[in-house]
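Bear in mind that the values in this text are calculations on the coordinates, not laboratory data. Keep in mind that what you see is a predicted model, and the values were worked out from it rather than measured. Glycine gets a Cβ as well: all are built from the backbone with ideal geometry, and neighbour counts include every protein chain shown.
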Amino acid sequence: MKGTVRTPSGGLEGWLARSPLNADLVLLLVCAVWGSTFVVIKIGLTNTLPFNFVATRFGVAFLVFFLLTARRLRALSSPEMSRGVFMGLLLVVGYATQTVGLSLTTASKAGFITGLSVVLVPLLARLLLGHRVGWGVAGGVGLATAGLGLLSLTADLRPEPGDLWVLACAVAFAGHILAVAELSRGGHALRLALVQTAIVAVGAGLLAVLFEGGLVLPSGPGLFATLYTGILGTGLVLGLQIPAQKYTSPSHAALIFAAEPVFAAVFAALLLGERLGPKELVGAGLILAGMLLAELKREPGKSERSIQHAD
């Protein structure tokens with residue numbers, strides 16, 4: 001990355017520029033926050049309905065991005081608006097299915113299944129854009145599929161309903177990652193984020209009205225969870241992730257991000273007392289191995305332009 005990034009003299013970016021290890025540590029912190037959100041959402045759903053939770057969470061996130069982009073809103077272009085709406089609709093599907101799934105399955109399993117989006121991205125790129133799938137991606141998909149079976153199938157080979165909801169989330173998130181890589185070029189990252197959070201808040205609000213009897217402001221655990229995920233899970237991680245990724249490669253960042261489900265499982269064990277059984281542990285390990293193989297052996301330049309997360 002040397003020669004391509006100006007070295008600031010001070011502040012966060014000045015500190016990041018001093019050593020590649022600093023950027024890695026920041027991205028690891030971002031990854032830990034993402035992993036913790038699975039547990040926080042699980043706690044918040046104890047007294048908040050899923051679509052209500054998503055609507056209020058992204059209402060808070062919208063306010064965060066509005067404060068960050070208020071001075072730049074006049075420059076919002078029609079292409080940015082239309083692309084942001086499309087990416088936002090993918091996020092509506094992703095967060096709605098993930099939150100419903102978390103109400104039915106464990107936070108640790110949801111973390112690993114959501115991580116499948118990493119291996120699904122190149123598959124969607126092959127189906128929709130004609131990108132070639134290398135042996136690493138094919139092997140990663142095979143490992144992750146076997147892991148999903150061990151993690152989610154019951155003794156009589158029936159899938160757990162909550163896990164299927166989260167699997168749908170992984171597909172939607174993979175579509176969003178691909179859409180970001182293809183559509184965000186030339187657009188302003190914060191303005192695109194603002195449009196997307198607005199779409200998710202409105203879309204989830206409509207789902208809450210249609211299927212949950214209306215919008216109700218959360219209280220207690222639900223209020224804490226919406227503030228945590230809306231402020232820390234969006235504003236903080238965005239403010240850290242974007243500058244940190246300028247000082248590392250996309251493949252290196254993706255390797256660090258593969259630790260997200262591990263953090264989810266650790267937080268779930270510490271805070272919720274969740275434990276994966278031997279079969280589930282093997283399945284989780286296979287999914288993690290598939291994620292790493294798909295990223296490490298991906299062809300350079302394929303879907304690597306911009307690594308942005310959707311948690």
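Results, tabulated for the structure shown:
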{"item": "Candidates Gly186, Gly285, Gly233, ranked by Gaussian network fluctuation over the chain, Cα under 10 Å, top entry", "result": "Gly186"}
{"item": "Value of relative contact order over the range 1-160, rounded to a whole percent, pairs C-alpha under 8 Å and six or more apart", "result": "20"}
{"item": "Residue order, fewest to most beta carbons within 10 Å, for Thr154, Thr105", "result": "Thr154, Thr105"}
{"item": "Inter-centroid distance (Cα atoms) of the range 213-237 relative to the range 78-147, Å", "result": "23"}
{"item": "Surface/4 of the Cα convex hull for the range 71-163, nm²", "result": "8.8"}
{"item": "Residue order, fewest to most surrounding Cβ atoms within 10 angstrom, among His188, His131, His176", "result": "His188, His131, His176"}
{"item": "Largest to smallest principal axis extent of the C-alpha atoms in the chain, angstrom", "result": "57, 47, 38"}
{"item": "Quotient of Cα Rg and 2.2 N^0.38 Å for the range 159-292, N being how many residues it contains", "result": "1.24"}
{"item": "The chain, relative contact order in percent, only Cα pairs under 8 angstrom and at least six apart counted", "result": "40"}
{"item": "At least 20 Å along the helix axis (C-alpha) and Kyte average at least -0.5, DSSP helices within the chain", "result": "20-44, 50-69, 78-102, 135-152, 161-183, 189-211, 278-296"}
{"item": "Approximate spin-label separation Ala189-Arg18, in nm, with each point projected 7 Å along Cα-to-Cβ", "result": "2.2"}
{"item": "Pairs of lysines in the chain (C-alpha under 26 Å apart; 8 or more residues apart or interchain)", "result": "9"}
{"item": "Residue order, fewest to most beta carbons within 10 Å, for Phe51, Phe211", "result": "Phe211, Phe51"}
